[in-house]
Amino acid sequence: MNDLPLASYHPKSMLRAPAHKVLRPRFPVVDMHNHSEWQGSWQVTNLDQLVAEMDKAGVVARVDLDGGNGDRLLRHLDFFRSRYPERFVVFASCDWAQHLPYDNFGERMAAELARSVKAGAEGLKVWKELGLTLRDNQGRVIAVDDERLVPLFETAADLNVPILIHFADPIAFFQPLDNHNERYEELMEHPDWHFYGDQFPPFDALQQQFARLLTRHPRTTFIGAHVASLAEDLRGTGQLLEGHPNLYVDIAARLAELGRQPYTAADFLTQYADRVVFGLDSWPADADEYRVYYRFLETRDEYFPYWADEDSPVGESGRWQIYGVGLEDDVLQKIYYANTVNIIPRLKAAVEAAQG
Ligand SMILES: [Zn+2]
């Protein structure tokens, strides 16, 4: 056993610390960040089953970020909204392939957003390809704050719809893939998530582009996905929030980061309780996936898995476990639903229905 491969090493914690399973959240939850399609294929086969899992987990409403545009948008709206109109919100997405060949792609995308909102979309999702891999018709990478996109972000403000934007990724994804990289196993599994090299901008450049975008569009509401890709640096996230009142952040898929710094995370979530929204980013999503988040947010349990699948010996993001932050009720309420209701007031009905 003195040459055990890392992938075969599955240590079991012998810690006998108190453990609380939180089956239901203390307050209604709105999931601001979730999906229904992955790489073009539909993931939600049975809407009633999805709603049953949401009910089990105390999730009163959910935002589907994969609405796309045109016919696809109508399909999503019809699927989610025809039977459960109060419990689902659909965001449009950017159809870059259709517009980037044109010099005026920003105007074209703004016009498309207006059409999508008219059809029923209640926000726009921007994916991390912006700033990383998308190129204009001259072959140049399009920065997150590219001026040609001004019409798109201004139109969102005019239409009063929020932008949920995933830019950049974990800091380690921008580092060399060597024996020091804390996401080594994950990047070996997903080599396309590795953005190190001359063809990609450095992590800090993307953060600076995003800050400039927020400054340029103060009327536009932005939700920075995954703690604005800065969960490893919550002081930095705090500064970003302080400097830009038009920014919220979601906590989707960042339990591994938040939960390994429980003192800092508890302070951050409390100090910026008005600016943080709940999201899961896992689909179709069963109740147990939500419950890991509740355990993190509501308990002070120590050193527990940040993933839900108990058969999985190690977490995807790295070989560590997490600690609960035991938030106060008023903070929980804001993160679970109140901030999202501020952004999308229509969701108030779902929260009130759950409160009885
Ligand atoms: Zn996502």
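Some observations on this one:
- For segment 6-12, 3J(HN,Hα) computed residue by residue from phi via the Karplus equation (6.51, -1.76, 1.60; θ = phi - 60°) reads 3, 4, 8, 7, 10, x, 10 Hz, glycine and proline entered as x.
- P(r) weight above 32 Å for the chain, C-alpha pairs, percent: 30 percent
- Residue-span extension gain [ARG83 to MET14] - 0.36 nm each, minus C-alpha spacing: 20.1 nm
- Restricting segment 9-71 to chymotrypsin sites (Phe, Trp or Tyr not before Pro) in coil, as DSSP defines it, with at most 13 other Cβ within 10 Å: TYR9
- The DSSP beta bridges internal to the chain are antiparallel in roughly 15% of cases.
- Net charge dipole size for segment 197-322 [Lys, Arg +1 and Asp, Glu -1 on Cβ; Debye, nearest 20]: 660 debye
- Each Lys and Arg contributes +1 and each Asp and Glu -1, all at the Cβ; summed about the Cα centre of the chain, the dipole is approximately 860 debye.
- Candidates LEU65, LEU230, LEU177, ranked by Gaussian network fluctuation over the chain, Cα under 10 Å, top entry: LEU177
- Rounded Å value of the spacing that divides the Cα centres of segment 282-341 and segment 1-75: 10 Å
- For the chain, built as a Gaussian network whose Cα springs stay under 10 Å, the top-fluctuating residue of PRO101, PRO151, PRO262: PRO101
- LEU4/TRP193 FRET efficiency (R0 25 Å; Cβ-Cβ; nearest 0.05): 0.45
- Length-normalised contact order of segment 1-89 in % [C-alpha pairs under 8 Å, at least 6 apart]: 27 percent
- Pairs beyond 32 Å (Cα-Cα), from LYS56/LYS125; LYS12/LYS348; LYS128/LYS334; LYS12/LYS128; LYS12/LYS334: LYS12/LYS348; LYS12/LYS128; LYS12/LYS334
- Residue-averaged [θ]222 nm for the chain, counting only DSSP H segments that reach four residues, each worth -39500 (n - 2.57): -10000 deg cm²/dmol
- Surface listing: MET109, MET1, MET188, MET14 arranged by accessible area from highest to lowest gives MET1, MET14, MET188, MET109, probe 1.4 Å.
- Carbon plus sulfur fraction of accessible area for the chain, probe 1.4 Å, in percent: 49 percent
- Taking 0.36 nm per residue of separation and subtracting the current Cα-Cα distance, fully stretching the chain between VAL141 and ARG24 would add 37.7 nm.
- Placing a pseudo-label 7 Å from each Cα along the Cα-to-Cβ vector at ASP204 and ARG75 gives an inter-label distance of 4.4 nm.
- Mean separation of Cα pairs under 8 Å and 6 or more residues apart, divided by the residue count, gives the chain a relative contact order of 20 percent.
- Annotation: amide H-H contacts under 5 Å for ALA57 (H modelled 1.01 Å from N, sequence separation of 5 or more, or interchain): none.
- Counting only protein heavy atoms and a 1.4 Å probe, segment 29-355 has 42 square angstrom of accessible area per residue.
- Mean sequence separation of contacting Cα pairs (under 8 Å, at least six apart), scaled by the length of segment 208-356, corresponds to a relative contact order of 22 percent.
- For segment 125-141, Karplus couplings with θ = phi - 60° (6.51, -1.76, 1.60), whole Hz, Gly/Pro x: 9, 10, 9, 5, 4, 5, x, 10, 10, 5, 10, 7, 6, 9, x, 8, 4
- Between ASP281, ASP31, ASP178, the GNM of the chain built on Cα springs shorter than 10 angstrom shows ASP178 fluctuating the most.
- Most positive-pole-ward Cα, VAL341, TYR290, VAL29, against dipole of the chain from beta carbon charges: VAL341
The values are calculated or read from the model by the stated rules, or taken from the named source; none is laboratory data. Model, not experiment: these values are computed from the prediction. Here the Cβ is made from the backbone with ideal geometry for all residues, glycine too, and neighbour counts use every protein chain on show. To get the accessible areas, we keep the full protein, side chains included, count just its heavy atoms, and leave off ligands, DNA and RNA. Shrake-Rupley method; radii C 1.70, N 1.55, O 1.52, S 1.80 Å.
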